[in-house]
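The structure appears right after this line, and notes come after that.
Just so you know, all these numbers are worked out from the coordinates, no wet-lab data involved. What you see is a predicted model, and the numbers here were worked out from it, not measured in a lab. Heads up, the Cβs are rebuilt from the backbone with ideal geometry, glycines too, and the neighbour counts pull from every protein chain shown.
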Amino acid sequence: MTTISTSSISLTTPLTEDQIAANLEVDAQQQLSQDDFFSLLSQQLAYQDPFSPVDNSEMIAQMASFTTAEGIATLGTEFAGIKEVLNSSQALEASSLVGKKVLIPSNITFLSEGGTASGSINSATGAYSTLVSVEDASGNVIRTIDIGDIGAGNQRFEWDGLDSQGDPAPEGTYTFSAYGTVNGTGEELATATYAHVESVSLGGGTSGVHLNLKGLGGILLTDAIEVAENI
């Protein structure tokens, strides 16, 4: 009896790029196309036993099954095309925001040299004696803005960029914190800020479209709450 030695054969040797390409080509050739299917069906009908012909319902079921599979594959391709169109549309929409301001779900704002900053307070029931404190990057409160009484919903406010001494605050990031009296109790209120859109990153795949905000980095287009003119 002849013994085959496998000592010189490595079962874990990875395939080369040419071998992988050849395998993919063979796989593609082995796929059954619509023309192949109907050719086989024609051959089946031509060589069927005349005394025991193929049942009509069985033949229709085969055709329906193949048509369904073919339709699903085509549908996947069409959905991919629709996704590309939607991504392009979203990118075009985002590009129109460059130079404008968007309201973002963050209480951190960026103050340009000699500029102003604005935000929005959200309250479900309204609040009395509302105050907004402005903190610098070190956590020091440099200004308190008296907003007064606000109703339910969003209340926009603006900081003139000055500290409590009336001097212009240096350029940088600042934090807004809002407080008010709700039903007789002091509460912190939800605050959002407006940011300047400098550019748009179109991205691709699942990364989505990003808005690049001056001094604050980027956010997803879908995270923007509101679009406003330069305010």
Quiz item: residue 125 to residue 171: extension gain in nm, 0.36 nm per residue of separation minus the Cα-Cα distance?
Solution: 13.1 nm
Quiz item: What do the square roots of 5 times the Cα gyration tensor eigenvalues come to for the stretch 101-228, in whole Å, largest first, as semi-axes of the equivalent ellipsoid?
Solution: 27, 20, 10
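Starting with the fewest neighbours, write out 102, 227 ranked by other beta-carbon atoms found within 10 Å of each beta-carbon.
227, 102
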Practice problem: Rank these for me by crowding, 189, 202, going from fewest to most other beta carbons within 10 Å. | Solution: 202, 189
Exercise. Would you tally the net charge around residue 179, using a Cβ to Cβ cut-off of less than 10 Å, leaving residue 179 out, and scoring K and R as +1, D and E as -1?
Key: -2
Quiz item: Which length gain, in nm to one decimal place, applies between residue 100 and residue 183 when the Cα-Cα distance is subtracted from 0.36 nm times their residue separation?
Solution: 26.2 nm
Quiz prompt | Sorted by Cβ density within 10 Å, fewest first, the residues 142, 225 | solution = 225, 142
